[in-house]
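What follows is a set of notes on a single structure, which appears directly below.
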Amino acid sequence: MQDNVLKEILTLNANTEYLRRFLNERSDKELFKRKVPVVTYDDVKPYIERVANGESCDVISAKPITGFLISSGTSGEKGKLFPLDNKYIENSMFFIQLCSVFRCKHIDGAIQGKELSFQFTKPESTTPSGLPYSSLTTTILRSDNFKNRPANDDFSMTSPDQVVLCPDNKQSMYCHLLCGLVQRDKVVSVTATFASVLVRAIIFLENNWKEMCSNIRSGQLSNLIEDIECRRSVSLILGGPNLELADLIEQECSKNSWKGIITRIWPKTKYIGCTVTGQMAHYVPTLDFYSNKLPLISPIYASSETMFGINVNPLCKPLDVSYTFMPNVSYFEFLLVNEANKVEIVDLVDVNLGCYYEPLVTNHTGLYRYKMGDILQVTGFYNNTPQFRFVQRKSVALSVHLETTTEEQILKAMTNARNVLESSNLMLFEFTCVADTSSDLGHYVFYWELKSKTNNADLELDNELLVECCSVLENSLDPVYWKYRSENGPIGALEIRVVKEGTFDSIMDIYISRGATITQYKTPICMKSDEALKVLESSVLVRVCSDNSPSLNS
């Protein structure tokens, strides 16, 4: 099937300006692999920008380019444009439907009720040529495929489309939650694109439940909601006054702890649906706390470049999530990741169990042998189709000397440090880190935003506990780090800087102001933005450092 996909792409696009240089209008696989180079975004950016600026799309694609997708810009600090056609939207809707099939196979009643889905959009922007561009989620949610989806009396979202399409994400969040509260007895799932969105939704509820209870008690929507379409559609769902429901929600939200708040307010919820792989894995303990450990389903592996695969075993543990690649959407190759840096590229059918690869994407709209920058591991096969575990982003790393600490190592260290907090009344809401080389002795700095597990309690920080967390972080890193961190070594003591509550929301606002949406926003694990770092530094409450060098035998 993959050979047929490549043949289709090359037959269609061999005469484009980009491919013509390498293939001389031919479309055979052997020539493609021998002549067409492996590329990064910087290599293809000039061609994409030419089309965005008004040149004919046959610079890169024979089929019409209907618009562009823009990445969030949170990984590499600046959003990237990727060409889009109608086929991508069709593939996206197919993936969503296929995931629903597997959910129904594993969860009774998974689509019999309402889905409280935190989806957000922003208005589309246009390129100089007049073509629209927006995020992947905005593009899907504003597409005719979504707007004209068949009505389903048995399963639908709690929020009307007007809430999803509201350009103000904070008004949209308020309305999502209010609609979910009013229909609490019908909700069977709580979902979002990323785990971080769900955590932020709970924090938003924590800060606004009193106003929402007032709306339910009076039957009148808050004046905070100014969007006309939202007011009209949500008012219909709100209906008249409901004192009993308002009292019930107030009773739950006023309790000393918010542990299990999702199942307490939405008692029929069967699962939580969101991405919990990669950097989203560190939100799993927080979601477990708020949901009483409901199943966490991580359904789809997708990006602005292409759709990749789905999770055919939705009830597996978050650490065990693997994605079965769909061989009919794009042509996939895999660059072997090995210590010897030997260049070895294989097809989807030739990947080996246990090996690590970086996927290369060739799609219908102008990407050819494009390096994704993700590192994946082959974990198994589903009907002979390879399954992959997302390991990390290749570009995310810390280094102050000759060591390199990867995203995977950072997340593992964070998991171990979070376990130290379990015995306390603190839980980690958000984090990021930097390699601070501003002094002769460079060191790692972790910015933590902590929350109390007790409702409305002041944050009580225990310096001794935080020092222990520093030590655990260091002892969780690799021997190369330990070597350079030893006494009189070139790396200084690891530092945790606790920032005040709301700091990371302020950082998110920075990225949203640049064009990202709440739906696609991911807090950078390694912070590069000078503007964001200034916000972090201005919000520091406490600074603590590890008090011992890690043992080389750690």
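The values are calculated or read from the model by the stated rules, or taken from the named source; none is laboratory data. The model shown is predicted, which means the values in this text are computed figures rather than measured ones. Neighbour counts run over all protein chains shown; Cβ positions are idealised from the backbone, glycine included. These accessible areas exclude ligands, DNA and RNA; they are computed on the full protein's heavy atoms, side chains included. Shrake-Rupley method; radii C 1.70, N 1.55, O 1.52, S 1.80 Å.
Once region 538-554 is narrowed to residues that are closer than 30 Å to Phe194 by Cβ and not in a strand (DSSP E or B), the residue that is least open to solvent (accessible area, probe 1.4 Å) is Ser539. Taking only region 98-115 into account, find how many residues are open to solvent by 40 Å² or more (accessible area, probe 1.4 Å), part of a loop (DSSP other than H, G, I, E, B) and β-branched (Val, Ile, Thr). The qualifying residues number 1.
Residue by residue, here is whether (1) of a type in the set (Val, Ile, Thr); (2) at pLDDT below 90; (3) in contact with a strand residue (DSSP E or B) (Cβ under 9 Å, 6 or more places away or on another chain) holds:
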{"residue": "Asp108", "(1), (2), (3)": "no, no, no"}
{"residue": "Lys122", "(1), (2), (3)": "no, yes, yes"}
{"residue": "Thr126", "(1), (2), (3)": "yes, no, yes"}
{"residue": "Arg149", "(1), (2), (3)": "no, yes, no"}
{"residue": "Asp153", "(1), (2), (3)": "no, yes, no"}
{"residue": "Leu165", "(1), (2), (3)": "no, no, no"}
{"residue": "Met173", "(1), (2), (3)": "no, no, yes"}
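Applying the condition of being in contact with a helix residue (DSSP H, G or I) (Cβ under 7 Å, 6 or more places away or on another chain) and assigned to a helix (DSSP H, G or I) to region 496-506 and asking which residue is least open to solvent (accessible area, probe 1.4 Å) yields Thr503. Determine, yes or no, whether Val535 is open to solvent by less than 20 Å² (accessible area, probe 1.4 Å) and under 24 Å from the mean Cα position of the chain (by Cα). Judged against the criteria, Val535 is not a match. Out of the residues in region 233-247 meeting the condition of being in a helix (DSSP H, G or I) and open to solvent by 60 Å² or more (accessible area, probe 1.4 Å), tell me which one is nearest to Cys179 (Cα to Cα). Across region 233-247, the extreme among qualifying residues is Leu236.
Confirm whether Glu30 is open to solvent by 50 Å² or more (accessible area, probe 1.4 Å), at pLDDT 90 or above and not in a helix (DSSP H, G or I). Can you show your working first?
Details: open to solvent by 50 Å² or more (accessible area, probe 1.4 Å): yes; at pLDDT 90 or above: yes; not in a helix (DSSP H, G or I): no.
So Glu30 fails the test.
Restricting attention to region 441-454, the residues being within 29 Å of Glu206 (Cβ to Cβ), open to solvent by 20 Å² or more (accessible area, probe 1.4 Å) and either part of a loop (DSSP other than H, G, I, E, B) or at pLDDT 95 or above (or both) number 1. Scanning region 248-257 for residues that are open to solvent by 10 Å² or more (accessible area, probe 1.4 Å) and not hydroxyl-bearing (Ser, Thr, Tyr) yields Leu248, Glu250, Gln251, Glu252, Lys255, Asn256.
Of everything listed in (1) polar (S, T, N, Q); (2) free of Cβ contacts under 8 Å to residues at least 60 places away in the same chain; (3) open to solvent by 70 Å² or more (accessible area, probe 1.4 Å); (4) out of contact with any His (no Cβ under 9 Å at 6 or more places or on another chain), the single unmet condition for Thr437 is (4).
Checking each residue in region 292-349 for being in contact (Cβ under 8 Å) with a residue 60 or more places away in the chain, part of a loop (DSSP other than H, G, I, E, B) and among the hydroxyl-bearing types (Ser, Thr, Tyr) picks out Ser303, Ser304, Thr306, Ser322, Ser330.
Scan region 127-137 for residues that are surrounded by 13 or more Cβ atoms within 10 Å (Cβ to Cβ) and not in a helix (DSSP H, G or I) and report the count.
Step one: filter region 127-137 for residues surrounded by 13 or more Cβ atoms within 10 Å (Cβ to Cβ), giving 127, 129, 131-137.
This time we only want the ones that are not in a helix (DSSP H, G or I), so: 127, 129, 131-135.
Count: 7.
Listed here are the residues, each with its yes/no results for (1) hydroxyl-bearing (Ser, Thr, Tyr); (2) open to solvent by 10 Å² or more (accessible area, probe 1.4 Å); (3) touching a strand residue (DSSP E or B) at 6+ places or on another chain (Cβ under 7 Å).
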residue: Thr306; (1), (2), (3): yes, no, yes
residue: Ile310; (1), (2), (3): no, no, yes
residue: Asn313; (1), (2), (3): no, yes, no
residue: Pro318; (1), (2), (3): no, yes, yes
residue: Thr324; (1), (2), (3): yes, no, yes
residue: Glu333; (1), (2), (3): no, no, yes
residue: Asp347; (1), (2), (3): no, yes, yes
residue: Asp350; (1), (2), (3): no, yes, no
residue: Leu360; (1), (2), (3): no, no, yes
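All of (1) open to solvent by less than 100 Å² (accessible area, probe 1.4 Å); (2) in a loop (DSSP other than H, G, I, E, B) hold for Glu25 with one exception: (1). Considering Ala532, Ala493, Ala516, the condition of being at pLDDT 90 or above and in a loop (DSSP other than H, G, I, E, B) is satisfied by Ala493 alone. Candidates Asp509, Asp478: the one that is touching a helix residue (DSSP H, G or I) at 6+ places or on another chain (Cβ under 8 Å) and either open to solvent by 30 Å² or more (accessible area, probe 1.4 Å) or acidic (Asp, Glu) (or both) is Asp478.
Please find, within region 329-348, the residue that is modelled with the lowest pLDDT out of those that are among the polar types (S, T, N, Q) and under 27 Å from the mean Cα position of the chain (by Cα). Show your work before the answer.
Here is the first cut: in region 329-348, the residues among the polar types (S, T, N, Q) are 330, 338, 341.
Now narrow it down to the ones that are under 27 Å from the mean Cα position of the chain (by Cα): 330, 338.
Numbers: Ser330: 95, Asn338: 79.
In this case the residue turns out to be Asn338.
Suppose we filter region 486-501 for residues that are under 18 Å from Glu460 (Cβ atoms) and either of a type in the set (D, E, K, R) or without any contact (Cβ under 8 Å) to a residue 40 or more places away in the chain (or both); how many remain? Number of matching residues: 3. Residues in region 186-216 that are among the hydroxyl-bearing types (Ser, Thr, Tyr), at pLDDT 95 or above and not in a helix (DSSP H, G or I): Ser189, Thr191.
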